[in-house]
1. Just to be sure, is residue 136 surrounded by 21 or more Cβ atoms within 10 Å (Cβ to Cβ) and either under 17 Å from residue 312 (Cβ atoms) or of a type in the set (Gly, Ala, Ser) (or both)?
2. Condition first: among the charged types (D, E, K, R) and in contact (Cβ under 8 Å) with a residue 40 or more places away in the chain. Now tell me which residues in segment 389-417 satisfy that.
3. Of all residues being of a type in the set (D, E, K, R) and buried (at least 20 other Cβ atoms within 10 Å of the Cβ) in segment 248-276, which is farthest from the chain's Cα centre (by Cα)? Just the residue, please.
4. Here is a list: 200, 208. Which entry is among the aromatic types (Phe, Trp, Tyr), more than 25 Å from the chain's Cα centre (by Cα) and not in a strand (DSSP E or B)?
5. Exactly one condition in (1) surrounded by fewer than 21 Cβ atoms within 10 Å (Cβ to Cβ); (2) among the charged types (D, E, K, R); (3) within 18 Å of residue 96 (Cα to Cα) is false for residue 187; which is it?
6. Filter segment 45-68 down to the residues that are without any contact (Cβ under 8 Å) to a residue 60 or more places away in the chain and in contact with a helix residue (DSSP H, G or I) (Cβ under 6 Å, 6 or more places away or on another chain), then identify the one that is surrounded by the most Cβ atoms within 10 Å (Cβ to Cβ).
7. Quick one: residue 354 ticks every box in (1) surrounded by fewer than 19 Cβ atoms within 10 Å (Cβ to Cβ); (2) outside the structural domain of residue 468 (by TED's automatic domain parsing) except a single one, so which number is it?
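The values are calculated or read from the model by the stated rules, or taken from the named source; none is laboratory data. Model, not experiment: these values are computed from the prediction. So basically every Cβ, Gly included, is an ideal-geometry build from the backbone, and we count neighbours across all protein chains shown.
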Amino acid sequence: MEFIKTEGQKLTAGGKEILLRGFGLGGWLLPEGYMWQFYTKCDRPRRIEQMIVTLCGEEYADSFWERYLNTYITEDDISWISSEGFNCVRLPMNARHLYRIQNGIPYLIPDMMRRMDALIGWCRKYGVYVILDMHAAPGGQTGQNIDDSEEDEPQLFMDQAYRDELCILWQEIAGRYADEPAVLGYDLLNEPLPNPFARYNDLVLPLYMDMFHSIRTVDTRHIIILEGVHWATDFSIFEKLERGQIDNVILQFHKYWNTPDAESLAPYLACADRLDMPLMMGEGGENNLAWYTTVFPLYEKLGISWQFWTYKKMGGDNSPVTFARPSDWDSLIAWLDGGEKPSRSDARRILDNFLRSAAQYRRNESVLRALKREVPLELPCEAYDGYEIRSNRRPGAELRTGDPVTLLFANGKKDIPDYRRYGGEQQPEEENIVAELLAGETLTYHIRMPHAGILCAAPRFSGGELSLRVDSREMLPDKDGTFTSVMLSEGEHKLHMTCTFGFIQADTIRLSI
């Protein structure tokens, strides 16, 4: 593998441009309560750890975590990620488990380093890059559950000692991996300072600069990644950063449930352009397939690398890997809600079942197809990649407003679409979007055939007459309203949807082979 570096707003490896596509390995080295369906009841690692000790005893707890860390993410996961064409993973780390203080100096904990070394070795073997992500910094950088904070305050920014420890910690990590090309780089701080703690925002950029210089004393080759504040959505902290002030840096933003359009990304694109730095969407997901199909190809069209969140969790169908909720899990939740405490033997049995369930995971191929725009899938009308439009845009859905395409709510309302589908459920009828096309107007969609085959399309539309074309080949309409193409090769193709008479309102296109 070649070291990745920045060249202006692009990433290169061995002189060739590269775009990173991959997954955040949330829940492994830093379990979050929602991934175990505890939600606010037991929402962060230290509380999950304490729950297991309270219910099962320390000896069992030690055994549980050893088994969990050995099986939750394995070499098979990295092999599969690579085989599906993805080239990067982002590893969330918990500083509390990375280092100890001895004689006033932080030192890395060997067992955790051994696990990280193993992951990096798997990634090197399969050609997958690793981003080391400080998800939970010393003292906590968000004051929320995601950073494992103890007092629900961002103590990293309240105590200089924690900031000093973080600089030394990153220096130790960078020194360890300075010569490792499989490590893409260092994501210095995950989602610092949500708005309730914005009074500390002025401390973020100076801390970034301190960490940058600490790392550069031992490692001059790896990329350094800087996130905005307020869940990595606010880039205003970079206003005081000047072009050329620091090098080999990526700017990272996070996006959940936003309108899937370039307009919502404008502040990040403008900042990256001003500083001449690449952009990465470091976390986004926890939504439905239609949203994935629309927004992730958009990132690639705009030259933005991305990391889907999260790779694996309990229940649901909207992450690449899921596992079943174990039997009697409700009894743990009931106890967390103030109910009867399970016996030690029952609690151990339930948690053993959890480990077995997590190891007997299920892969959701539909999620990968949506991310890759790969058939079979459904294409929402608003997921278009190109257009030929002659008419004026009519008011309706406030989505992709820089384009001339008329996007309307099917029920006639005028509003911003609501894409908050946390559990992967489909859009409700009141949020259904249609694209209006007049005669001679076309929308174009990029699709990918996983293997050679005959493409079938079932468009949902109303109004005039519609035709479909793949590349330059007309698809033939059938009596049942579907369209069939000739044999297509494996790889990328363009699907063109054209109104040939009157006007139509198109909804979705269901594609199959």
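1. Considered against the rule, which asks whether it is surrounded by 21 or more Cβ atoms within 10 Å (Cβ to Cβ) and either under 17 Å from residue 312 (Cβ atoms) or of a type in the set (Gly, Ala, Ser) (or both), residue 136 comes out as yes.
2. Matches in segment 389-417: 390, 394, 398, 400.
3. Taking the candidates together, the pick is 261.
4. Answer to the check: 200.
5. Exception for residue 187: condition (1).
6. Here the residue is 61.
7. (1)
For (1) over 22 Å from residue 131 (Cβ atoms); (2) modelled with pLDDT under 95, each residue gets a yes or a no:
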residue	(1), (2)
5	no, no
18	no, no
35	no, no
41	yes, yes
48	yes, no
57	yes, no
80	no, no
95	no, no
